[in-house]
Every structure is written in C-alpha cells, then in structure tokens.
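A.B. asks: There's a structure below that I have some questions on.
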Amino acid sequence: MYSLDASQFSFSKAKARIEAAFPHFMGGIREVDPHIGDLEPQACLADELQNRIYLKLVHQVEMSGWVAVSRTEKKLKEYRKRHPVVITFRPTDGLLTIGFPGFTYLQGMQHENRVVYSGIAAQGTEFLKTKLKIDCRPFNAKAAIDALLEEEPAEVTDVKRSVRPKKGGRFAFDAGEEGKLTTALTEFLSYEGDIPVSEKQIRSLLRRSGASDIVLVWKRLQILTRVALLQDGPEFLFIWRDSGPSSTVVDSVLQKITSYERLLAKPGINATRKDLLASSLDQVVRPAMVAQQHGISRSDVVEILNLAVAKGDFEPRFRVNTDSLLVDFANTWRKSLVEFPRTVTDENANTLDLTLPSNIEVAFQRVK
C-alpha cells in the first residue's frame, strides 16, 4: 500500500499520463515477452464508475520442479513462469496498491535469486516513477490500525504482533485466532506475573511501540490479514476462510484503514472527531455547523460521523431542509425518510418536493 496525492494524480491525470507513455494502450492488451525479473505493462483498464485505474504488469521468473518421467524416476525440470502484478490507482481514497493475484511459490521452486513481494513492489514504484512520473509515498498503516483497534473493537481485533522496542530486539505475542492480544497480555501479567495492569494500558503501550507485523481478525468479514510493516510500505496478506477471495472484502479492509489514516494525518480533523465522540446522549449534530465551528470541510465531518454510525454511537436523522414554518407538518428530526410526505408547504405558500435530496437535511444523533 502507498499513499497517492490525489491533487496531483487524480483519475483523469493518471489516465492521461498512462496514455501519453503508452499510446493506444488503455482498454487493450499488448503482446509482451519480458526479460527475467523485469516488469512489462500488458493491459490497462480505466473504471470511471469506481474512479479507479487498473494497470496490469507481467513479471517473469525462472522456476524448477520435479516431473515424473517413469514409474520410478523423476526429473528436475526448469521452466519460466509469468505472474500478474496489478497496480491499482484509487485516487478517491488517496491510495495506490500493488497486488499479486494468484501469485504463489507453492507450485514450484524459484532459483536462488528468488524475489520477494516487497522487492517486486519496489520495482513497481520505480516503474511508476520512471515511466509515468508518478511518485508514491509509504502508507502510514500502523497508526491507522492502532486507531481502528481502539475505536472499533467489535469490528476487528489483533491476535498476533511482533513488537520492536526502541532499544532494539523483538517481542512476539500470539493470542490465538479466538483470542485478543490486549486481553491475553493483561491476564498473563496480572494472573501469572502478579503485575496489575489494565487492557487500556496494554493498548496504549502497543500503540506507542514499534512493530514489524500485526495479524488482524476481521469479525464481520470473517478473514484474517497479516500486515508486514516494511520500510518502503506496508504489505497486506489476506488469509481467506470459508468466504473465499473477494475484491469487495479487500475494498472494505482498505477503505476502513485509509479512513483512519486520513483522520490521523490531519490534527484538526482528529480533534473534531474526539470532540464529536464526546457529545452528550441524544444530541443532534449537524455537519454544516460542525464544519463551520472547526474550520474543516463538511465532507470530512460526514466521514467522521459515518464511522461513528458504523460503530453504533450515532444514528442518522432527517428533517426538511428549511428554516420556514411548515403547514400541517412538524419539522422535527426523524429516524426514517418513510415518515415524510412527498411534498410539504411552508408558511410562504412554497411547495417543497421531498423526493429531491436537496430538500432533506441529514444530521446525526448520539445514541450511546
């Protein structure tokens, strides 16, 4: 995962750079014969509906495997194998991912010059820089993951983590897939070590400490992800269970992580988030008013509140978007749009069509 500056590399700008570097390439497939270890662009698809661009590269490696030549004899055969490498531009999320769908070493053995995923990803970023003049930055995954774990424990838990203390060394903790890391460490120190600590203290310690990898269990999605926090950028390995591989699940994970990364990257937005979470019970929060008070955009406020809705702390509320008095209809905050008539009339005899989104104001009420 890498951060992408959407102001410089929007959907249209990224598409234009690809078309300029590889004319007549968009939407087509090229015949390629890459050298061993090189990345060669083969296909590109621009999805205007999702505001994404998929750039497929081909990576060729030398493999070897044992082949039966008779009932009692096997022969070591050398061959070449192509692997797809997909660069996905996600400008709306400010994100660029380099993925390896179907990439595996299990069907053969690679020679001594075996290249790891992170090395291929580094080649991908170099390709973007030299061929398309696009620079991408390492994505700050750890801070986002720690914020997610603290804010949404019902959604995701960490079950395994390798901690890197400031003075060196490494500690590996494993709570098991059915466990929770903070609970396991708290119980170990309290019950077996007679060292009284709370889960909140352990979570704070893990948040302040460095880490080399974190394993997360996504409860609703029923998958695991192993996040390797590498120097050049985090590497996400999806471990599928009964559901099987799904691009929708990948999107859900990435969107959840990036939403917290954006909040933490802007101190003003993070301060607003904390202020909203401290709202009193039953208070109705209007995004436009919050944006004015804190000097941030309305879309940023809505994103904060949407996360709070997902956690169950807030619920959306609706009313007619007008300051005028209404005839025969009390303009109070309501839980559902089905409670509204098709049209209403205000005190000035103006008729408002409530099927138009612009005539409905959306707010959020603190419920727990």
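A.B. asks: To the nearest 0.05, how large is the calculated FRET efficiency for Asp251 and Lys77 if R₀ is 35 Å and r is the Cβ-Cβ distance?
C.D. replies: Working: r = 39 Å, r/R0 = 1.12.
That pair, Asp251 with Lys77, gives E of 0.35.
A.B. asks: If you take all C-alpha pairs in region 266-353, what percent of them are over 18 Å apart?
C.D. replies: 52
A.B. asks: Between region 1-21 and region 331-368, what's the alpha-carbon centroid distance in Å?
C.D. replies: 40
A.B. asks: I would also like to ask the following. Hey, quick one: spin label on Val302, modelled 7 Å out along Cα-Cβ, who in region 326-357 has an amide N within reach, i.e. under 20 Å?
C.D. replies: 333-338, 353-357
A.B. asks: At 1.4 Å probe radius, can you tell me the per residue accessible area of the chain in Å²?
C.D. replies: Working: 20510 Å² over 368 residues.
For the chain, the per-residue accessible area is 56 Å².
A.B. asks: Could you give the dipole magnitude of the chain about its Cα centre, charging the beta-carbon of Lys and Arg +1 and that of Asp and Glu -1, in debye to the nearest 20?
C.D. replies: In total the dipole reaches around 940 debye.
A.B. asks: Taking 41 Å as R0, compute the FRET efficiency from the Cβ-Cβ separation of Trp240 and Phe329 and round it to 0.05.
C.D. replies: FRET efficiency, Trp240 to Phe329: 0.20.
A.B. asks: Also: Using only the Cα atoms of region 309-368, what semi-axes does the equivalent ellipsoid have when each is the square root of 5 times a gyration tensor eigenvalue? Give whole Å, largest first.
C.D. replies: Semi-axes from the Cα gyration tensor: 25, 11, 9 Å.
A.B. asks: What FRET efficiency comes out for the pair Ser64/Phe25, r = Cβ-Cβ distance, R0 = 35 Å, nearest 0.05?
C.D. replies: About 0.55, to the nearest 0.05.
A.B. asks: Then there is this: Which order do the peptides 30-38, 1-9 take when ranked by the mean count of other beta-carbon atoms within 10 Å per residue, highest first?
C.D. replies: 1-9, 30-38
A.B. asks: Mind computing the radius of gyration and Dmax over the alpha-carbon atoms of the chain? Å is fine for both.
C.D. replies: 25.8, 95
A.B. asks: Shifting gears a bit: For region 193-296, count all C-alpha to C-alpha pairs, find those more than 21 Å apart, and express that count as a whole percent of the total.
C.D. replies: Working: 3067 of 5356 pairs.
Distances greater than 21 Å cover 57 percent of the Cα pairs.
A.B. asks: From the mean inverse distance of alpha carbon pairs (Kirkwood) and the Cα radius of gyration, derive Rg over Rh for region 160-228.
C.D. replies: When Rh is taken as the Kirkwood radius, the ratio is 0.98.
A.B. asks: Counting only DSSP beta bridges with both residues in region 207-350, tell me the antiparallel percent, nearest 5.
C.D. replies: 100
A.B. asks: While we're on this one: List every residue whose amide H lies under 5 Å from the amide H of Gln365, counting only residues 5 or more places away in sequence or on a different chain, with H placed 1.01 Å from N in the peptide plane.
C.D. replies: Val285, Glu315, Arg317
A.B. asks: For the chain, which whole percent of the accessible surface, found with a 1.4 angstrom probe, sits on carbon and sulfur atoms?
C.D. replies: With neighbouring chains kept in place, the figure for the chain is 51 percent.
A.B. asks: Restricting attention to region 288-355, which GluC sites (Glu not before Pro) occupy a DSSP loop and are surrounded by at most 13 other Cβ atoms within 10 Å? Kindly include the intermediate steps, with their values, before the conclusion.
C.D. replies: Numbers: sites: Glu303, Glu339, Glu347; in loops: Glu347.
For GluC sites (Glu not before Pro) across region 288-355 that sit outside H, G, I, E and B with at most 13 neighbouring Cβ atoms in 10 Å, the list reads Glu347.
A.B. asks: Quick one: angle between helix 117-131 and the longest Cα principal axis of the chain, in degrees between 0 and 90, rounded to 10, please.
C.D. replies: 80
The values are calculated or read from the model by the stated rules, or taken from the named source; none is laboratory data. These numbers were taken from a predicted model, which means no experiment stands behind them. We place every Cβ from the backbone using ideal geometry, glycine too, and count neighbours over all the protein chains shown. Side chains are part of the model used for accessible areas, which takes the heavy atoms of the whole protein and leaves out ligands, DNA and RNA. Shrake-Rupley method; radii C 1.70, N 1.55, O 1.52, S 1.80 Å.
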